[in-house]
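Presented below is the structure to which this report refers.
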Amino acid sequence: MARTRKIFPLFEQVEILDAGSEGKAIARVDNQVVFVPFVVPGDVVDIKVVRKKKSFLEGKAVKFHRYSDRRVEPKCEHFALCGGCKWQNMSYEDQLSYKQKQVVDNFERIGKLDITGLRSILPSDEQYFYRNKLEFTFSDRKWLVSNENMDSGEENMNGLGLHLPGMFDRIVDLNNCYLQPDPSNEIRLAVRDFCLEKNYTFYNTKIHEGFMRNLIIRTSSTGEVMIIVVFAEDLKDQIADVLTFITKRFPTTNSLFFVVNTKWNDVINDLELKLYKGNPYINESMDDLKFKVGPLSFYQTNSRQAEKLYQVAQDFADFKGDEVVYDLYCGTGTITNYIAASVKKAIGIEYIPSAIDDAHENSHINGIENTRFFVGDIAHTLDEAFFEANGKPDVVITDPPRAGMHQKVIRQLVTALPEKIIYVSCNPATQARDIALMADHYKIEKIQPVDMFPQTHHVENVVLLVRKDGREDCGLKTEDCRLKTDPDSYREKTEEPNLNISLK
Ligand code: SAH
């Protein structure tokens, strides 16, 4: 039976009003919200609706009637196709003000929170080339701009680049990318051209065939480079051929790994990565600390801004030197180690064992002895017994993933009642929700947004929560707090960052 195609309306001459929190701009037609990508507030456009959801529409700008004076010329030739830098057509000042507004909107709308402690967003020194890690995808179905994507049948469709937003099987074959510093572009192009020349097959996600799968490049603030090549088939001669080429063409590479991933999914954490050349890690430095970053280690992707972020957390904490501090969701313990010298004891908790191995190693190479690290899901690890064994925290720094903190964790925090909680978040929506749940016990003293990801809508936000007076001895029962009032109502679906660019 033939499927009937839905016919969606065309809205004419609509003014774009706002830049939305998911990187799409916002228009309003007949009292309905319409999300439109790659336009900026002030543009007047015809919008073709492409999707209808319960409470909003999604559309595409098909004709421009007026260009906003907020527009700037995007730097990148791949803008509007590649999902990496959706805000490149907006001035950096405007990007910053919309990020600031995102924090305000979420805190006021979701959390109904007091934002008198809000400071202006800290801009990034580098607006391009700020990422230290990118994961590129080989595909035999690159996106062709010329023919709006019909497979031409003639042209070689192999390419290496980043995904188109929302299209897991199509990639933009990148000629140039402004996200990662040299030699990232050079490496990607050289490896792609070598594989094209050799006629090696590029991976097809849908049918799970092809040899070349991913190329991960990590750079560091110390100038070191790590390359990880992911093959989809265990073809020994060809693998050696590709790796030999990289070694010869980029002899100063500090670390070259490869892995054969024959699974349907792209996850490589569960596979054996083999070191082909150089060290099994690259070195990062921050202040006077050193960090070893392995192929699977987490490290904040904008190293320079990460330092600013941690400084904000440190300033907010205003340590006296005798505190027991918990660093929740500590990853490889970067924050734990960063603050260790200022406190009595710093305790990191994280559920990925290899990250905790890195955290220990990072304490060790920096001669830090007052850190302790624990592997486990924080929702299950943080309990009375843990407080008993390790001491109740005076200060908690928490930096959860986009989904925010589990309610059990929030409940434990309001039970332990540290004097200060510093909440670092890459998602102000879930952060506002979580803070609202603690509002009976903590007041917001300071809020500092930080821009870690220029040209995108993503914003990092640090909040200082200070325990309300008298709470320490109030014999509080957790049932008293707002947690009992339908916490699920605060749960919001949160968008994961597009592409294979991971923020955390
Ligand atoms: N603070 C770190 C980054 C943290 S990213 C830094 O600045 O480097 C968030 C971390 O939380 C990730 O390492 C992730 O593995 C961890 N995580 C997510 N959910 C968790 C949970 N339920 N229990 C423990 N760790 C968790």
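Which GluC sites (Glu not before Pro) in segment 263-371 pass both tests, a DSSP loop state and at most 11 other beta-carbon atoms within 10 Å?
For GluC sites (Glu not before Pro) across segment 263-371 that sit outside H, G, I, E and B with at most 11 neighbouring Cβ atoms in 10 Å, the list reads GLU272, GLU369.
Which trypsin sites (Lys or Arg not before Pro) in segment 288-379 pass both tests, a DSSP loop state and at most 15 other beta-carbon atoms within 10 Å?
Listed in order of number, the matching sites are LYS320, LYS344.
Can you quote the Å³ per residue value for the convex hull of the Cα atoms in segment 133-286, rounded to an integer?
Residue-normalised Cα hull volume stands at 125 Å³.
Taking only protein heavy atoms and a 1.4 Å probe, what accessible area per residue, in Å², does the chain have with all protein chains in place?
45 Å²
For the chain, what relative contact order do you get, as a whole percent, if you take Cα pairs closer than 8 Å and at least 6 residues apart?
13 percent
Across every pair of different alpha-carbon atoms, what Kirkwood hydrodynamic radius in Å does segment 306-458 reach?
Taking every pair of different Cα atoms in segment 306-458, averaging 1/r and inverting gives 15.7 Å.
Using a probe of 1.4 angstrom, how much of the accessible area of the chain is carbon and sulfur, in percent?
The C+S portion of the solvent-accessible surface of the chain is 48 percent.
If you take the Cα atoms of segment 355-414, find Rg, then find the Kirkwood Rh from the mean of 1/r over all pairs, what is Rg/Rh?
0.99
Would you calculate the convex hull of the Cα atoms in segment 1-77 and tell me its volume per residue in Å³?
Taking the convex hull of the Cα positions in segment 1-77, it is 131 Å³ per residue.
Given the Cα-Cα distance of LYS198 and ASP270 and 0.36 nm per residue of separation, how much length would full extension add, in nm?
In short, 23.0 nm is gained.
Let a ≥ b ≥ c be the square roots of the eigenvalues of the Cα gyration tensor of segment 294-346; is it rounded (a/c under 1.5), or, if not, prolate (a/b larger than b/c) or oblate?
It comes out oblate by the Cα gyration axes.
Scanning the chain for chymotrypsin sites (Phe, Trp or Tyr not before Pro) in DSSP loops with at most 16 other Cβ atoms within 10 Å, what's the longest stretch left with none?
352-504
In nm, to one decimal, how far is the modelled label at THR244 from the one at ASP469, with both set 7 Å along Cα→Cβ?
7.7 nm
Which whole-number percentage describes the relative contact order of segment 388-472, with Cα contacts under 8 Å and a sequence gap of 6 or more?
31 percent
Take the Cβ-Cβ distance between ASN156 and HIS208 as r, set R0 to 22 Å, and report the resulting FRET efficiency rounded to the nearest 0.05.
FRET efficiency, ASN156 to HIS208: 0.60.
Grab the alpha carbons of the chain, take their convex hull, and tell me the volume per residue in Å³.
171 Å³
Over segment 70-144, calculate the relative contact order: mean separation of alpha carbon pairs under 8 Å at least 6 apart, over the residue count, as a percent.
RCO, segment 70-144: 21 percent.
List the GluC sites (Glu not before Pro) in segment 65-126 that DSSP assigns to loop (not H, G, I, E or B) and whose Cβ has at most 15 other Cβ atoms within 10 Å. Which are they?
The qualifying sites are GLU77, GLU126.
In nm, to one decimal, how far is the ASP125 label point from the GLN407 one, both placed 7 Å along Cα→Cβ?
4.4 nm
Which residues among segment 334-353 fall inside the zone where the amide N is under 18 Å from a point 7 Å beyond the Cα of THR222, along Cα→Cβ?
Answer for segment 334-353: 334-335, 337-338.
Antiparallel DSSP bridges in the chain: what percent, to the nearest 5?
Taking every DSSP beta bridge within the chain, about 65 percent pair in antiparallel fashion.
Under a straight-distance cross-link criterion of Cα-Cα below 23 Å, which lysines are reachable from LYS345, leaving out those fewer than 8 residues away in the same chain?
Within the straight-line limit of under 23 Å, LYS345 reaches these lysines: LYS290, LYS292, LYS308, LYS320, LYS392, LYS420.
Which cross-chain or sequence-distant (5 or more) residues have an amide H under 5 Å from the amide H of LYS468, H modelled 1.01 Å from N in plane?
TYR442, LYS443
Divide by every residue of the chain the summed helix terms, -39500 (n - 2.57) for each DSSP H run of at least 4, and state the resulting mean residue ellipticity at 222 nm, rounded to the nearest 500 deg cm²/dmol.
Rounded to the nearest 500, it is -6500 deg cm²/dmol.
The values are calculated or read from the model by the stated rules, or taken from the named source; none is laboratory data. For clarity, every value in this text was computed on a predicted model and none was experimentally measured. Counting neighbours? That spans all protein chains shown, and the Cβs are built from the backbone with ideal geometry, glycine included. Ligands, DNA and RNA are excluded from the accessible area calculation, which covers all protein heavy atoms including side chains. Shrake-Rupley method; radii C 1.70, N 1.55, O 1.52, S 1.80 Å.
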